[in-house]
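The values are calculated or read from the model by the stated rules, or taken from the named source; none is laboratory data. Quantities reported herein were computed from a predicted structural model and do not represent experimental measurements. With ideal geometry, Cβ positions are generated from the backbone for all residues, glycine too; neighbour counts draw on all protein chains shown. Side chains included, ligands, DNA and RNA excluded: accessible areas come from the protein's heavy atoms. Shrake-Rupley method; radii C 1.70, N 1.55, O 1.52, S 1.80 Å.
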Amino acid sequence: MLWDESHLWGLMLWRALKDLEIPARIVSSQDIRGEILSTRPPAGLLVPGGWARLKADSLGLAGMSSIRDYISAGGKYLGICGGAGMGLSSASGSPCLDLCHWSRKPMQDRLPNFSGHVRCRVRLPHWKESRRDICLPVWWPSQFEPGDNASDGVRALAEYLEPDQDFWTADLPYSDLKQADICKWEKVYGINLDPGLLRSEPCILHGTMGSGEFVLSYSHLETPQSRQANRLLRELLFTWLGWNIPREVKTRVSSWDLKNIEPVWEDDVLMRCRQGLEEIIELGRAHFLFYWRTPWLLGWRRGVPGSPVNFLYAMAGHAQGQRPGRKAQEFWKGEKESFARHLDSFLSRLKTYLTRERLAMSLAPSSPEASSDLDLQQEKLELFGSFPGYGGLYGRLIQPLDHLLYLLER
């Protein structure tokens with residue numbers, strides 16, 4: 001499993017692989033650039049969610065070429081969400097693996113911000129039934145755009161049908177909305193909000209490249225406690241890789257309660273990070289900016305940078321729940337003083353930012369790209385960097401924390 005630039009989504013997939021007893025190991029972009037896929041070729045390469053562009057940047061031209069060579073020679077690639085996006089065509093301008101001629105659907109033609117479960121029609125060759133309708137989770141994916149080459153052998157393994165009860169469009173719970181009001185909300189938000197744009201659209205693709213195969217899934221099949229998706233992930237991996245499915249293997253990924261992770265590593269800076277973020281989350285909840293959608297996933301008002309807070313909180317908690325080896329301890333010893341300094345500044349400034357953003361949102365709408373207040377937008381950039389992507393003080397926290405988790409899980 002490729003670790004780099006996955007953060008929360010990498011942790012989530014790694015937990016799922018361990019729960020479902022899929023034998024796997026973590027590799028880095030540096031490993032792939034070092035030709036590990038040719039010298040020690042795996043049964044399959046798994047790439048979790050995250051920004052596709054940042055994954056491609058991390059791999060570089062050499063790493064991207066190594067993955068293409070691996071698949072062409074008979075390898076198998078499973079990309080989830082951002083990992084799926086990286087497998088598409090570079091025609092849209094972003095560097096991708098070009099495994100097929102398909103690309104991302106243009107923003108104006110798709111539903112740009114949706115999450116939760118969607119009922120999907122799934123067709124797998126090994127299923128006795130020709131099709132099966134199941135609920136699959138999606139967390140802010142893009143959408144596929146078919147390529148011009150109809151003979152490239154790409155086919156849909158799953159297609160969207162209709163939203164389930166926990167489906168949200170932007171920060172609006174869809175089950176509470178009247179269809180007649182959708183167009184009014186769209187005028188306020190300035191984006192498409194009608195999930196009718198998803199119906200019959202592909203959710204999971206399968207194709208071939210040379211002697212190899214790829215599966216690109218915009219559904220997060222590794223989502224905790226998503227029974228039908230977890231079973232599909234297990235069946236897909238075991239059968240696709242040619243392994244027999246043991247009867248005793250679990251079919252559901254265990255619950256992931258970020259607030260109740262028992263600390264094993266009593267590191268003072270990690271504890272401060274976790275406690276400080278808990279205070280931030282409670283502040284956000286008091287101001288109706290944050291709310292818990294699941295035990296592992298925050299929800300947030302549109303325009304509020306909730307995902308970075310969620311990511312840091314999950315990663316700090318997971319790090320505390322591990323017993324560090326020598327390499328992890330040595331790395332953290334060299335990083336924790338700088339991390340603690342940036343953490344104190346981040347938490348202090350974020351508290352002020354959130355209360356000011358509450359006022360700004362009351363006066364005019366903000367968006368993921370920009371605050372409605374120009375001064376606040378500058379503060380947002382210094383805290384989190386530019387969207388899409390990340391940087392600022394958050395970048396100085398997430399990068400060492402991510403490498404620490406890599407060392408803890410290796």
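Structural remarks
- Taken over the range 314-364, the criterion of being open to solvent by 80 Å² or more (accessible area, probe 1.4 Å) and either of a type in the set (A, V, I, L, M) or under 26 Å from the mean Cα position of the chain (by Cα) (or both) is satisfied by Arg323, Lys351, Leu359, Leu363.
- Looking across the range 299-357, the residues that are of a type in the set (A, V, I, L, M) and more than 30 Å from Pro112 (Cα to Cα) come down to Ala319, Ala328, Ala340, Leu343.
- The set of residues in the range 164-181 being under 22 Å from Ala229 (Cβ atoms) and assigned to a loop (DSSP other than H, G, I, E, B) consists of Asp164, Gln165, Asp166, Phe167.
- Selection status of Leu405, within 30 Å of Lys187 (Cα to Cα), open to solvent by less than 10 Å² (accessible area, probe 1.4 Å) and in contact with a helix residue (DSSP H, G or I) (Cβ under 7 Å, 6 or more places away or on another chain): no
- Across the range 281-306, the qualifying residues are those that are among the small types (Gly, Ala, Ser), in a helix (DSSP H, G or I) and open to solvent by less than 50 Å² (accessible area, probe 1.4 Å), and the one among them that is farthest from Leu193 (Cα to Cα) is Gly284.
- Leu232 satisfies every condition listed in (1) surrounded by fewer than 20 Cβ atoms within 10 Å (Cβ to Cβ); (2) out of contact with any Ser or Thr (no Cβ under 8 Å at 6 or more places or on another chain) except (1).
- Cβ-Cβ under 6 Å pairs, at least 6 apart or on other chains, the range 301-314 side free of Cβ contacts under 8 Å to residues at least 60 places away in the same chain, far side open to solvent by 10 Å² or more (accessible area, probe 1.4 Å): Gly306/Trp300
- Residue in the range 144-156 that is touching a helix residue (DSSP H, G or I) at 6+ places or on another chain (Cβ under 6 Å) and either within 22 Å of Gly74 (Cα to Cα) or open to solvent by 70 Å² or more (accessible area, probe 1.4 Å) (or both) present: no
- Restricting attention to the range 201-236 and to residues that are part of a loop (DSSP other than H, G, I, E, B) and among the acidic types (Asp, Glu), the residue that is farthest from Arg131 (Cα to Cα) turns out to be Glu222.
- Residue identified as of a type in the set (Lys, Arg) and open to solvent by less than 50 Å² (accessible area, probe 1.4 Å) among Arg40, Arg15: Arg15
- Of the residues making up the range 104-125, one or more are open to solvent by less than 20 Å² (accessible area, probe 1.4 Å) and over 28 Å from Trp300 (Cβ atoms).
- Thr239 meets each of the listed conditions (1) surrounded by 14 or more Cβ atoms within 10 Å (Cβ to Cβ); (2) in a loop (DSSP other than H, G, I, E, B) apart from (2).
- Per the listing Ala319, Ala364, Ala328, Ala360, the residue uniquely free of Cβ contacts under 8 Å to residues at least 60 places away in the same chain and in contact with a Leu (Cβ under 8 Å, 6 or more places away or on another chain) is Ala360.
- Flag for Val309 being surrounded by 14 or more Cβ atoms within 10 Å (Cβ to Cβ), within 25 Å of Pro365 (Cα to Cα) and touching a helix residue (DSSP H, G or I) at 6+ places or on another chain (Cβ under 7 Å): yes
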